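The block underneath contains the structure these notes are about, expressed in structure tokens.
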Amino acid sequence: MQIHVIEGNHNLRSLLTWHLHQAGYHVQQSATLAQAYQHCDRELPTLAIVDSDLPDGEGVEFCKWLYPRGNSLILMLSARIRDIDLVSALQAGVDDYLKKPFGMPEFLARVAALLRRTRGLTTIPTELTYGHLRIDLVRRCLYLSDKSQAKPLETRIDLSPQEFSLLYVLAQANGRPVHRRELLKRAWDDIDNPRTVDSHVLSLRKKLGHPDPIETVRKIGYRLNY
């Protein structure tokens, strides 16, 4: 299950993504229609959260493109309050329409309500797969798959709570480099020393073995490259 946030405002896009990550969702981001078309042409999201006014066009045009391509749900965010704008969005395939400004509890409740249509009982994913890694979000442990065998074998790797949080944040970034400060904030919000990230990356690398899946990005932080 994947959510795609398509929002031109950097601060709002980062805020929405952070809260969705904290709620346990796997999230991708796009700042423009061009990026959204490119990403969604490769992989359709379970839920697209679309700003009505993007730097290179109107969100409703993207909704018209996305709607007939599959079963993606669409939540539109908009500062437009006219009835005609709401009607146009619904006609374009939008499932829900949230007017700006809005509170984060309402936003998350709308997301959960939409995703219940596809999940039935719960909207929180129980595991996250990234390459050879399978992260069990319920038991908070990691399984490493050896796909070189005719029948792939999985080895359980026990992680400390700090190591698990770090790996989870890196995996959710989907290959994007994550700054040390961002890792620190999202993995352990009660610690303020960026060097804590480095020490836990070192211990995590020892457990994951070779080839090393955690790439150091100079002057930024780390990314998962598995």
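The values are calculated or read from the model by the stated rules, or taken from the named source; none is laboratory data. Just so we're clear, the structure is a prediction, and the values are computed from it rather than from any experiment. Backbone-built Cβ (ideal geometry, glycine too); neighbour counts: all protein chains shown.
For the residues V111, V94, the requirement of being part of a loop (DSSP other than H, G, I, E, B) and modelled with pLDDT of 90 or more singles out V94. Check whether at least one residue in region 163-182 is among the aromatic types (F, W, Y), over 16 Å from S14 (Cα atoms) and touching a Lys or Arg at 6+ places or on another chain (Cβ under 6 Å), and report yes or no. Within region 163-182, one or more residues are among the aromatic types (F, W, Y), over 16 Å from S14 (Cα atoms) and touching a Lys or Arg at 6+ places or on another chain (Cβ under 6 Å). Among the residues making up region 58-71, those that are over 13 Å from S30 (Cα atoms) and either modelled with pLDDT of 90 or more or not small (G, A, S) (or both) are E58, V60, E61, C63, K64, W65, L66, Y67, P68, R69, N71. Of the residues R223, R181, the single one that is modelled with pLDDT of 85 or more, more than 23 Å from T126 (Cβ to Cβ) and surrounded by 12 or more Cβ atoms within 10 Å (Cβ to Cβ) is R223. Considering G24, G8, G103, G59, the condition of being outside the structural domain of R176 (by TED's automatic domain parsing) and on the phi > 0 side of the Ramachandran plot is satisfied by G24 alone. Taking region 156-226 and the helices (runs of 4 or more DSSP H) fully enclosed by it, the elements with 1 or more residues that are of a type outside the set (F, W, Y), in contact with a Pro (Cβ under 7 Å, 6 or more places away or on another chain) and within 23 Å of H26 (Cβ to Cβ) are at 180-187. Please determine whether any residue of region 21-30 is more than 10 Å from the chain's Cα centre (by Cα), closer than 19 Å to L98 by Cα and not in a loop (DSSP other than H, G, I, E, B). Yes - at least one qualifying residue is present in region 21-30.
Anything in region 119-139 that is assigned to a loop (DSSP other than H, G, I, E, B), more than 15 Å from the chain's Cα centre (by Cα) and either surrounded by 14 or more Cβ atoms within 10 Å (Cβ to Cβ) or modelled with pLDDT under 75 (or both)? List them, or say none. G120, L121, T122, G131, H132, V138, listed by residue number. Any residue at all in region 37-47 that is out of contact with any strand residue (DSSP E or B) (no Cβ under 7 Å at 6 or more places or on another chain), under 12 Å from V111 (Cβ atoms) and surrounded by fewer than 20 Cβ atoms within 10 Å (Cβ to Cβ)? Within region 37-47, none of the residues are out of contact with any strand residue (DSSP E or B) (no Cβ under 7 Å at 6 or more places or on another chain), under 12 Å from V111 (Cβ atoms) and surrounded by fewer than 20 Cβ atoms within 10 Å (Cβ to Cβ). Assuming Y67 fulfils every condition listed in (1) touching a residue at least 60 places away in the same chain (Cβ under 8 Å); (2) surrounded by 17 or more Cβ atoms within 10 Å (Cβ to Cβ) apart from one, which condition is it? Result: Y67 fails condition (1) only. Scanning region 37-47 for residues that are touching a residue at least 40 places away in the same chain (Cβ under 8 Å) and touching a helix residue (DSSP H, G or I) at 6+ places or on another chain (Cβ under 9 Å) yields P45, T46, L47.
Remark: L12 falls outside the filter, which requires a residue to be within 17 Å of L114 (Cβ to Cβ) and not small (G, A, S).
Applying the set (1) touching a residue at least 60 places away in the same chain (Cβ under 8 Å); (2) loosely packed, with under 15 Cβ neighbours inside 10 Å; (3) of a type in the set (A, V, I, L, M) to A34 leaves exactly one unmet item: (1).
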